[in-house]
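Asker: Let me give you the structure first, and then I'll get to my questions.
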Amino acid sequence: MDYTNKQAADLIAQSILLLKSLKITQQEIELRLNYTSLSKAKNFDRYPQVIIEKKTRVELLQNLFAEFGLQFNEEFNRVEVINGEPAETTLSDVQYYIMHYYAFARGIVDRALVQIVNRRKVIMDYRIPEHWEGTYNVIENYTFIEMTKMGYTTPVKKLLSLFSGTMKYGHKYLLGTYSTVKKDGFPAAGRVILEKVSDEGQANKALAQDSDYRIVSYLKDNVYITKLFTPNNLNEIVSTHHNHYLKLVGSYKFIMPAKNDTWNINDLIISRDFTAQFEFNDVIFNGYVNFININVLNIIFTRKNQDSASIRKQVLTLDVNVRKTSTKHIFTCTASSPIIHGVPSSFSAYIILSENFKKSYVNSLERNLFLGEPLD
């Protein structure tokens, strides 16, 4: 029988109600159909369009009937189960992926085997003895994998969030993040890459090989770990050096040697949120500040609007001796850059609060500039 768009919507709604009465949730229906817009498909009044999530309602209804063994009884004008119980899935599809991740505790990029069964169940086995199982769900342009570590008294959960785009299945690579709790109990998050392989044999071969250097570069060191306590106020979550750092917040003159035996003098700002900024040759550089120890403040500058977490894009590293200043309140620094002087360079630099700066101070500063010029 041919159904109109509205008739198909009504039958989808009836089918869902029937399956719910048989203890099958709408989430399970969506998982089995690999379709995430049932709420829209059954609501014709609010969503009258013919195609929803790349399927017409008639196509969705046909899939629903086939998956669960349903039929429409015209005599009684109702949806029924054909054989008294909903059909169990007959799918036996297994997709194999290699998950690449940065193993923080071991300091390496490692791999795990991921099997996606019938586009709903996930089995994950690490190269170390860890076995996880969970669910696979696609919502709009995103794929979510929720895992539980098996064989442990206390459940440990892991969530993978991946971007799958408008083509929901079949990508060679998927980029995403994970969130979990490490073995030592610290909540952690980081990047992952899922690489699709053709079968179990190819998967085992890939597991035994090192990750591609481009994958290593993308994942290396991108791990974030939280502390194991619940703070009573925001003062408890800042760095142990925070109060010392607040004394350094302000506007400075940043003085560094140029190639022509002169000095470059630029405005540099150190902010309360552990960031810094200065402008050089009409280019703005953003910096991220941290203490190496109580005596040394480290600032890594990158071009504005670039991925500052990526070491390969850093353009200036500055180590400031904050233990004490000169009699003129000048802080001494060591610095290095691959581009500031046109070639790799290391040099002495100086910062002084703008309110204390006098141009005559520059004449007394020692110049140290080492350039990585090509050999003749």
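Asker: Only one of (1) within 30 Å of Ala103 (Cα to Cα); (2) in contact with a strand residue (DSSP E or B) (Cβ under 9 Å, 6 or more places away or on another chain); (3) of a type in the set (Asp, Glu) fails for Asp267. Which number is that?
Answerer: (1)
Asker: So, in the stretch 232-257, of the ones that are touching a residue at least 24 places away in the same chain (Cβ under 8 Å) and among the hydrophobic types (A, V, I, L, M, F, W, C), which residue ends up nearest to Ser346 (Cα to Cα)?
Answerer: Across the stretch 232-257, the extreme among qualifying residues is Met256.
Asker: Count, please, the residues in the stretch 241-292 that happen to be of a type in the set (A, V, I, L, M), outside any loop (DSSP other than H, G, I, E, B), surrounded by fewer than 17 Cβ atoms within 10 Å (Cβ to Cβ) and at pLDDT 90 or above.
Answerer: Adding up the residues that qualify gives 2.
Asker: Can I ask one more? For the stretch 113-131, state whether one or more residues are in contact (Cβ under 8 Å) with a residue 40 or more places away in the chain, touching a strand residue (DSSP E or B) at 6+ places or on another chain (Cβ under 7 Å) and of a type in the set (A, V, I, L, M, F, W, C).
Answerer: Scanning the stretch 113-131 turns up at least one residue that is in contact (Cβ under 8 Å) with a residue 40 or more places away in the chain, touching a strand residue (DSSP E or B) at 6+ places or on another chain (Cβ under 7 Å) and of a type in the set (A, V, I, L, M, F, W, C).
Asker: Then there's this: Find the helices (runs of 4 or more DSSP H) located wholly in the stretch 1-64 whose residues include 3 or more that are more than 18 Å from Glu80 (Cα to Cα), and list them.
Answerer: Counting at least 3 such residues, we get 26-33, 38-41.
Asker: Look through the stretch 126-147, keep the residues that are assigned to a strand (DSSP E or B) and aliphatic (A, V, I, L, M), and return whichever of them is farthest from Met167 (Cα to Cα).
Answerer: Met147
Asker: Suppose we filter the stretch 152-167 for residues that are surrounded by 13 or more Cβ atoms within 10 Å (Cβ to Cβ) and either among the hydrophobic types (A, V, I, L, M, F, W, C) or touching a residue at least 40 places away in the same chain (Cβ under 8 Å) (or both); how many remain?
Answerer: 4
Asker: Only one residue in Val109, Val122 is closer than 15 Å to Thr177 by Cα, assigned to a strand (DSSP E or B) and of a type in the set (Val, Ile, Thr), so which one is that?
Answerer: Val109
Asker: Same structure again: Could you list, in sequence order, all residues of the stretch 106-124 that are out of contact with any helix residue (DSSP H, G or I) (no Cβ under 7 Å at 6 or more places or on another chain), over 21 Å from Ala208 (Cβ atoms) and at pLDDT below 90?
Answerer: Hits for the stretch 106-124 are Val117, Asn118, Arg119, Lys121.
The values are calculated or read from the model by the stated rules, or taken from the named source; none is laboratory data. Please read all numbers here as calculations on a predicted model, not as lab measurements. Please note: Cβ atoms are built from the backbone with ideal geometry, for glycine as well, and neighbour counts cover all protein chains shown.
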